Every structure is written in structure tokens, then in C-alpha cells.
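Asker: Would you mind keeping the following structure in view while I ask a few things?
Just so it is clear, none of the values below were taken in a lab; they were calculated from the coordinates. The structure displayed is predicted, hence computed values, not measured ones. Positions of Cβ are generated from backbone atoms using ideal geometry, with glycine treated the same way; all protein chains shown enter the neighbour counts.
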Amino acid sequence: MNILLIGSGGREHAIAWKLRNSPSCKRLFAVPGNPGVFTVAEPANISTGDANNVDIIAGFCQENKIELTVIGPEQPLADGLADDLRERGFAVFGPSRAAAQIEWSKGFAKEFMQQWNIPTADFSRFTSYEEDAAVGYAEQLVRKSGKAVIKADGLAAGKGVIIAELPKEAADTVRDILGGMFGKAGASVVIEEFLQGEEASIFAVSDGVRYVTLAPAQDHKRIGEGDTGKNTGGMGAYCPAPIVTHDVLRRVCTEIIEPTLAGMSEQGTPFIGCLFIGLMICDGAPKVVEFNSRFGDPETQAVLTVFEGDFARLLYSAAIGNLDFETASNTQNGYACNVVLASKGYPDAYGKGSVVTGIERAEALGAYVFQAGTAEQNGEIVSAGGRVVGVCAHGTTLRDAVNLAYRAVDEIKFDGKTYRRDIAARAL
Ligand code: AMP
Ligand code: GLY
């Protein structure tokens, strides 16, 4: 079949690579794409500015006999691109705007979990008209338990969560968010208890009713080694993460994934796509930290490296409401480790335009280099974003995967190259 992939990050490079290597994929197109994506996909004849324009995308799908459209990032899902394409009769992997609300409104997600008895942190939600009550609640939570987790309701590119440890800090944060620090994303605020434990990410590919989980992964959100410094989009990931034991996974399936899919269906908004469950695991008990409505970045790069089977067929079967379990012959063959190489300064302001060398040498060692924030300039790859590339390696043991990934990391050079040396260290 012919497939169109929408998105331009490291996640999309990994998805494109796995789709390209699927027996059922004939032609693969991408928009906006990036130089890495275009090593495996053809550029769709759609200008970057039109990557969210449904008439133009539908026209392209018609002309190129696209049988499956895969939407990578959250914003087009929140904008309703999946709905618009489905209305025109195209098969889409990615939830409707209503189902994606589980990601684009944290307040919605929390109330949904409360309604369907899904384990998560205790919380309260406030709008900007309730600022005094919100401030009081946050201050009291800090006084009582030492910390309060304060979240802007809407999409804030991974920056909308602040953990306050002093009453004044909590009060200021609530006022800042409701006052517009994150724009419209902060029209309401969720304030919740701080959960102790270890985090993990699980992806459930669903046709709206049935699902298959992929290899459980662990992200590294902080910029600094030992989980210090600012939160980022993610500095590396590995899988399968041993913290997700068989017993934990069983509980995630029965206590979280199944009630979530059932609740979504019951509300008339079945979830078709990748349900991302961000977990906190404490003493073997999983609780939801967040839901996302798409594959995670940088987890996907690792998760797809250990996936064997016809990935295109899996996504297509989900998109048409008839999940084909057989297409995933092995969702976790061995281990994978993905190390993100970022620009100096990230997650704050950073420079662009440094020439990136060594991709071929890294790949010659057997690693995969997934491009995220890159551009092509005069035939060279240059940095063009905060997270520049992910260097991902497979191994029969986690130790092998980590060693190979870091040997490949050493081959890649650019000015300001910034990365963590401790990806997966917790599991070794
Ligand atoms: P989110 O965008 O909701 O995933 O939050 C970003 C990060 O903040 C998470 O990956 C956690 O590290 C942290 N976090 C969010 N909520 C909580 C919580 N209730 N308790 C502890 N940490 C949290
Ligand atoms: N890795 C976290 C995310 O994709 O949101």
C-alpha cells in the first residue's frame, strides 16, 4: 500500500524507517519530513505550510492512491486532521480530536480517569475565574505534603508542568499559568499530588477496541545526568524497561488501558491510534502521570528498533478497526538504547547551523541515527533544532545496546553537541 506520514521529528524518522521496511509498504511519502525522514520516504508534493491543510492533503491522498495516513505529532490531532481525513473516506492512524483530548486537555484526562476509576494522582482543576481558590489549594498541598505538581491544562510542548516545593512558589506558579505564561494552554490549571516512584512509558496500538502493547520504555526527561536540571522533550530512552515487570504490565492492561479504551468507546469517541501511557510505578503499583495521543519521542526510536513484523500492516489494521495481532511477530526482540544529541543551551535558547558529521560512521558500527532537528545545507546536514539526532542501537542485552549506542555517539560531531552519558544506567 501507499502511505503518507505526517511529522518531522526523530519519532517520525523512526516511524518512516519501520514503515519503509514493512513488506506491505509500497510507496512511502512524508510531509513536512526532515533530511533523515527523506532518506527512507519520498517528499510529498505538499508545501510545509500546507502540512495541516486538509483539502491539500486529501487531494494528495487521492492522486497518489494513499491507503493509510499516519499522523505523528499531537498538534494536528488536536486540530482535528484525523477527523477531516476520515470524513473524506481515508484510513488514518491517529485519534479524532475528541479522543486526542486525553492529551490536549490534562483536566479532561484527569476527570476521565476519575470517572473510570483509573489510578492517578489526586487532583483539583481550576479556571482563571477561580484563581484565589487555586492558589489556596496549591499552597495547602505544599504545606501538607511538601510538594505540589502544577500543570497548564493544554498543550505546552512538554513545558507546562511545574513542581513547587514552597507555598509562595506554588502560588506564583498558579498565578503565572492562569495569567497566560503558556498562552491559551493555561486557561485552566490542574493541581495534583506529587507521586513517588519510577517512570515508564507504554504504547498501546489500538483499533478503538482491541490493542497491542509495544516494548515498555523509559524516557530521561531532565537535561542533566542523574536526572538533574530542566525538563526537556526527552534526552534518551531505552526498552524494554525492567521496572515494567510482567505483573506491572498486567496491571497496566487491566487497570489502565482496558478501562481507558472502554470509557472512550462508551463516550462515543473510540481511541484509534497509539495511546501513550506515562506511568509512575511505586512498589509495583502503576499510576498514570499523563496520557498522550501519539507515539512518544524519544521512546519510539528505541521501541521500533526492537519491534519485528509488518508495522505498516499493524497501523493499517488499527486504522480500519480490525487490529491484526499477527502482524507484530515480536514486539520486543532484544534491547535498544536511544541517546539524544542536543544543541548547546537546549531546552533554553540554542544555536543552529552547526555541521553534523559522522552519521555514516555511526551507522557503519551498526547503530541507527534518527534525525530530529536537522536541515540540509549545501549538501551537508546541519543542526536546526534543540534535539538534533538520536543515536539508537540494538543489542541482545541492554548492556550491549548501551555500549554500541555510545560508541556510535562518539562518531557524531557538531559544535555544541550536548548529551547525557547515563541513558539506561538505572537499569544496568
Ligand atoms: P507530564 O507532562 O504530565 O508528563 O509531566 C512532565 C513530567 O513531570 C513527568 O514526566 C514527571 O516527571 C513529572 N510529573 C508530572 N506529574 C507528576 C506527579 N503527579 N508526581 C510526580 N511527578 C510528576
Ligand atoms: N517522551 C515524552 C513524550 O513524547 O511526550
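Asker: Just need the Rg to Rh number for segment 97-138, please, alpha carbons only, Kirkwood Rh.
Answerer: Ratio of gyration radius to Kirkwood radius: 1.03.
Asker: Further question on the same structure: Tell me, what are the semi-axes, in whole angstrom and largest first, of the equivalent ellipsoid of segment 251-334 as set by the roots of 5 times the Cα gyration tensor eigenvalues?
Answerer: Semi-axes, largest first: 22, 19, 12 Å.
Asker: Let me know the charge dipole size of the chain about its Cα centre in debye, to the nearest 20, where only the beta-carbon of Lys, Arg (+1) and Asp, Glu (-1) is charged. Numbers along the way, then the final one.
Answerer: Working: 40 positive and 53 negative charges, 126 e Å.
Around 600 debye, computed over the chain.
Asker: Going highest first, how would you order 232-245, 107-120 by mean Cβ packing within 10 Å? Write out the running numbers ahead of the final one.
Answerer: Values: 232-245: 24.8, 107-120: 18.1.
Ranked from most to least packed, the peptides come out as 232-245, 107-120.
Asker: For each of S145, S201, count neighbouring Cβ atoms within 10 Å of the residue's Cβ, then give the residues from fewest to most.
Answerer: Exposure proxy ranking, most exposed first: S145, S201.
Asker: On average over all directions, what projected area in square nanometres does segment 65-129 have, based on the convex hull of its Cα atoms? Let's see the in-between values first.
Answerer: Working: hull surface 24.1 nm².
It is 6.0 nm².
Asker: In percent, how large is the relative contact order of segment 107-221, given Cα pairs closer than 8 Å and 6 or more residues apart?
Answerer: This gives 27 percent for segment 107-221.
Asker: Can you give the local net charge around G197? Use residues other than it whose beta-carbon is closer than 11 angstrom to its beta-carbon, Lys and Arg +1, Asp and Glu -1.
Answerer: Within the 11 Å Cβ shell, the charges total -2.
Asker: Moving on to the next point. Explain nothing, just compute: Karplus ³J(HN,Hα) = 6.51 cos²θ - 1.76 cosθ + 1.60, θ = phi - 60°, for every residue of segment 350-356 in order, whole Hz, x for Gly and Pro.
Answerer: So the J values, rounded to whole Hz, are 9, x, 10, x, 6, 6, 9.
Asker: Right, here's the next one. Give me the Kirkwood hydrodynamic radius of segment 79-221 in Å, from all C-alpha pairs, to one decimal place? Could you put the intermediate results ahead of the total?
Answerer: Numbers: mean 1/r = 0.0597 Å⁻¹.
Hydrodynamic radius (Kirkwood, Cα only) of segment 79-221 equals 16.7 Å.
Asker: What percent does the relative contact order of segment 69-167 come to when contacts are Cα pairs within less than 8 Å and at least six residues apart?
Answerer: Normalised by residue count, the contact order of segment 69-167 is 20 percent.
Asker: How much length is gained if the chain between K230 and V209 is pulled fully straight, taking 0.36 nm per residue apart and subtracting their Cα-Cα distance, in nm to one decimal?
Answerer: 3.8 nm
Asker: Please arrange L68, L279 by how many other C-beta atoms lie within 10 Å of their C-beta, fewest to most.
Answerer: Ordered by Cβ neighbours within 10 Å, fewest first: L68, L279.
Asker: Something else about it: Provide the per-residue ³J(HN,Hα) series for segment 323-338, in order, calculated from phi with Karplus coefficients 6.51, -1.76, 1.60 and θ = phi - 60°, each as a whole number of Hz, with x at glycine and proline positions.
Answerer: Couplings: 4, 9, 5, 5, 5, 8, 6, 7, 7, 8, 8, x, 10, 9, 9, 10 Hz.
Asker: Filter the GluC sites (Glu not before Pro) in segment 164-225 to those in DSSP coil with at most 11 other Cβ atoms within 10 Å of their Cβ, and list the result. Could the numbers behind the result be given before it?
Answerer: Numbers: sites: E165, E169, E192, E193, E198, E199, E225; in loops: E165, E193, E225.
Answer by residue number: E165.
Asker: Out of D348, D172, D297, any idea which swings most in a Gaussian network model of the chain, alpha carbons joined below 10 Å?
Answerer: D348
Asker: I need M181, M264 ordered by Cβ neighbour count within 10 Å, fewest first. Each step should come with its number before you reach the end.
Answerer: Numbers: M181 16, M264 25.
Lowest to highest Cβ neighbour count: M181, M264.
Asker: With the contact rule set at Cα under 8 Å and sequence spacing of 6 or more, what percent relative contact order holds for the chain?
Answerer: That works out to 16 percent.
Asker: Can you find, among L323, Y350, V382, the residue sitting farthest towards the positive end of the charge dipole of segment 297-428, where Lys and Arg contribute +1 and Asp and Glu -1 at Cβ?
Answerer: Among L323, Y350, V382, the one farthest towards the positive end of the dipole of segment 297-428 is Y350.
Asker: Quick one: grab Rg to one decimal and Dmax as a whole number for the chain, Cα atoms only, in Å.
Answerer: 20.8, 61
Asker: Across segment 223-234, in residue order, what do the Karplus-derived ³J(HN,Hα) couplings come to in whole Hz, using 6.51 cos²θ - 1.76 cosθ + 1.60 with θ = phi - 60° and x for Gly and Pro?
Answerer: My calculation for segment 223-234 gives 5, x, 4, x, 6, 10, x, 6, 6, 10, x, x Hz in order.
Asker: Now for a different question. In segment 196-251, if the dipole is taken from +1 on Lys/Arg beta carbons and -1 on Asp/Glu beta carbons about the Cα centre, which of G236, H220, S201 is farthest to the positive end?
Answerer: Highest projection toward the positive end goes to S201.
Asker: Counting only residues 5 or more places away or on other chains, whose amide H sits under 5 Å from the amide H of V92 once H atoms are built in the peptide plane?
Answerer: Amide H to amide H, under 5 Å and 5 or more residues apart or across chains, V92 pairs with T69.
Asker: In debye, nearest 20: dipole of segment 279-324 around its Cα centre with unit charges on the Cβ of K, R (+) and D, E (-)?
Answerer: So the dipole magnitude of segment 279-324 works out to roughly 120 debye.
Asker: Name the residues whose placed amide hydrogens come within less than 5 Å of the amide hydrogen of H220, ignoring near sequence neighbours (fewer than 5 apart) on the same chain.
Answerer: Those lying under 5 Å, H to H, from H220 are M235, G236.
Asker: Taking all pairs of different Cα atoms in segment 319-410, averaging 1/r and flipping that mean, what Kirkwood radius in angstroms comes out?
Answerer: Over segment 319-410, the inverse of the mean reciprocal pair distance is 14.9 Å.
Asker: When a/c is below 1.5 the answer is rounded, else prolate if a/b is larger than b/c, else oblate, so apply that to segment 2-47 with a ≥ b ≥ c taken from the square roots of the Cα gyration tensor eigenvalues.
Answerer: Note, shape of segment 2-47 comes out oblate.
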